[in-house]
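Trainee: Dumping the structure here so I can ask a few things about it.
No value in this document is a laboratory result; all are computed from the given coordinates. This is a predicted model, so every value here is computed, not measured. Cβ coordinates were reconstructed from backbone atoms using ideal geometry, including for glycine residues, and neighbour counts include every protein chain displayed.
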Ligand SMILES: C[S@@+](CC[C@H](N)C(=O)[O-])C[C@H]1O[C@@H](n2cnc3c(N)ncnc32)[C@H](O)[C@@H]1O
């Protein structure tokens, strides 16, 4: 029986809490602010405040975890349009994570309406109200996404929030992105916190245009970003800085592959390492020196 009491809340700089995964060796959110990350890198980056004027919205939350990205999205959407009908599909490997989140005070910062939704999703793996139809698919997202991708499901916003590529390469491969891209509506946006060149080239290989999540209102030539947004048209995306574009020409941009969508993380990492060793592309350290990155 999975044990949700094993998850111990860790504070982040904005006063909200996250968990630490011993298995993956990482916290679930940025130490600068778990709640802030959910709003800025996911809800805002996918234009939900604007899209909320639609009568209905569909969201795909890959790596649902504590449910913060779904919660922030619902807060933003219903603040603009309380009548908006939202369909949410969440994908999560470990059901004890959302259970632990709702079993503690961690969700108290969300509105009562959203807290109710998070409780129902964690407890019943679904939530149906006049304004919401939410489903949590528990299992490896590489498997649970396949029937979804074959169905008519077309998300207006996709949140892609796995642990980092080094720790969880299986959810950053070209092959997984191809499945995710199938679930994205023609005008939809996919957001992730990752600014890794390997992740960005996997998104391009899956047929997406990519843009950056800028640190401020402008994006300077030498500046890094807060993440990446993918969509089928480049028109509404913030272009990558020249520094980021050059990063995509280096060895770091060789993407992860998992053709059967079932390889072990170690197998995917080894395959990636071999491809990097054989590559004649510019080394990432030489690119770093050129841009003065420590
Ligand atoms: C960085 S955390 C996500 C945080 C989450 N979005 C939130 O707001 O709380 C990564 C999540 O991915 C889940 N995960 C790890 N491997 C997975 C897999 N193969 N399929 C689905 N979920 C996975 C973990 O259990 C964890 O909850």
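Trainee: If one takes the longest principal axis of the Cα atoms in the chain, at what angle in degrees, from 0 to 90 and to the nearest 10, does the Cα axis of helix 68-80 lie?
Mentor: 70 degrees
Trainee: Now, a different point. How much length is gained if the chain between residue 150 and residue 166 is pulled fully straight, taking 0.36 nm per residue apart and subtracting their Cα-Cα distance, in nm to one decimal?
Mentor: Taking 0.36 nm per residue and subtracting the Cα distance, the gain is 2.9 nm.
Trainee: Looking at the square roots a ≥ b ≥ c of the eigenvalues of the Cα gyration tensor of segment 82-122, which shape do they give, rounded for a/c under 1.5, prolate if a/b is larger than b/c, or oblate?
Mentor: Oblate, since a/c reaches 1.5 and b/c is not below a/b.
Trainee: Restricting to segment 152-294, what percent of DSSP beta bridges are antiparallel, rounded to 5?
Mentor: DSSP beta bridges in segment 152-294 are roughly 55 percent antiparallel.
Trainee: Provide the percentage of antiparallel DSSP beta bridges, counting only those with both residues in segment 33-286; round to the nearest 5.
Mentor: 35 percent
Trainee: Specify the angular offset, from 0 to 90 degrees and rounded to the nearest 10, of the alpha carbon long axis of helix 112-124 from the longest principal axis of the alpha carbons in the chain.
Mentor: Roughly 80 degrees between the two axes.
Trainee: Could you state the angle between the C-alpha long axis of helix 265-278 and the longest principal axis of the C-alpha atoms of the chain, as a value from 0 to 90 degrees rounded to the nearest 10?
Mentor: The helix 265-278 is inclined about 20 degrees to the chain.
Trainee: Classify segment 177-281 as rounded, prolate or oblate, taking a ≥ b ≥ c as the square roots of the eigenvalues of its Cα gyration tensor: rounded when a/c is under 1.5, otherwise prolate if a/b is larger than b/c and oblate if not.
Mentor: The shape class here is oblate.
Trainee: If we count other beta carbons within 10 Å of each Cβ, what is the order of 51, 189, 294, fewest first?
Mentor: 294, 51, 189
Trainee: In whole percent, what relative contact order does the chain give with Cα contacts below 8 Å and a gap of six or more residues?
Mentor: 14 percent
Trainee: Top mean-square fluctuation among 95, 87, 116, Gaussian network model of the chain, C-alpha springs under 10 Å?
Mentor: Evaluated over the chain, the most mobile residue of the options is 116.
Trainee: Here is a follow-up. Is it possible to state the helix-based mean residue ellipticity at 222 nm for the chain, with each DSSP H run of 4+ residues giving -39500 (n - 2.57), the sum divided by total residues, to the nearest 500 deg cm²/dmol? What is it?
Mentor: So the helix-based figure for the chain works out to -9000 deg cm²/dmol.
Trainee: Can you classify segment 33-286 as rounded, prolate or oblate using the Cα gyration tensor, where a ≥ b ≥ c are the square roots of its eigenvalues, rounded means a/c under 1.5, and otherwise it's prolate if a/b beats b/c and oblate if not?
Mentor: Cα axes put segment 33-286 in the prolate bin.
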